[in-house]
Amino acid sequence: LFHKADEDNQADPSSIFIRGAAVARRLLAEDTPSYVLHGDLHHENIRHHPERGWLAIDPKGLYGDRAYDAANALCNPGTLPEIVLNPRQAVETSDDHADALDITRERLLSYVFAHACLSASWSLEDSQDP
């Protein structure tokens with residue numbers, strides 16, 4: 001994200017990646033408690049086992065603000081825009097996650113924005129549609 005923002009700063013100062021990088025820098029600079037994170041928490045990495053209950057699989061093992069894991073989950077499933085682009089559902093789901101994490105919706109949505117920009121920058125690096 002930061003590399004893409006630096007590139008765009010030369011070519012397109014209005015780039016969403018520049019704004020996403022600024023939000024990410026602000027979030028990373030904040031003094032908040034750090035936790036062990038899954039790192040790739042989304043609908044395809046949560047499974048129900050008949051004996052063990054709900055399991056999060058394929059962890060990446062990151063360490064940081066717990067809002068990051070929720071942000072990734074809120075950006076998925078990207079293949080179902082009727083879910084992730086529904087404003088009412090976005091507000092309800094964001095509020096549910098923010099309440100569970102005891103953070104503000106605004107903080108969570110800042111992470112969602114930064115993570116969405118990061119994901120889009122990865123897609124562009126791989127010559128995919130962001």
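When Ile103, Ile18, Ile46 are checked against the criterion of being surrounded by fewer than 16 Cβ atoms within 10 Å (Cβ to Cβ) and aliphatic (A, V, I, L, M), a single residue qualifies: Ile46.
Annotation: of all residues in segment 106-130 being among the hydroxyl-bearing types (Ser, Thr, Tyr) and out of contact with any Gly (no Cβ under 9 Å at 6 or more places or on another chain), the one that is surrounded by the fewest Cβ atoms within 10 Å (Cβ to Cβ) is Ser127. Of the helices (runs of 4 or more DSSP H) that lie entirely inside segment 58-110, those containing 1 or more residues that are among the hydrophobic types (A, V, I, L, M, F, W, C) and more than 15 Å from the chain's Cα centre (by Cα) span 81-84, 87-101. Among the residues making up segment 26-54, a single one is more than 25 Å from Pro77 (Cα to Cα) and touching a strand residue (DSSP E or B) at 6+ places or on another chain (Cβ under 8 Å): Ser34. When segment 1-55 is filtered for residues that are part of a loop (DSSP other than H, G, I, E, B), of a type outside the set (A, V, I, L, M) and at pLDDT 90 or above, the ones remaining, listed by number, are Ser15, Glu30, Asp31, Thr32, Pro33, Ser34, His38, Gly39, Asp40, Pro50, Glu51, Arg52.
The values are calculated or read from the model by the stated rules, or taken from the named source; none is laboratory data. Keep in mind that this is a model prediction, so the values were computed, not measured. Here Cβ is always computed from backbone atoms with ideal geometry, including for glycine, and neighbour counts include all displayed protein chains.
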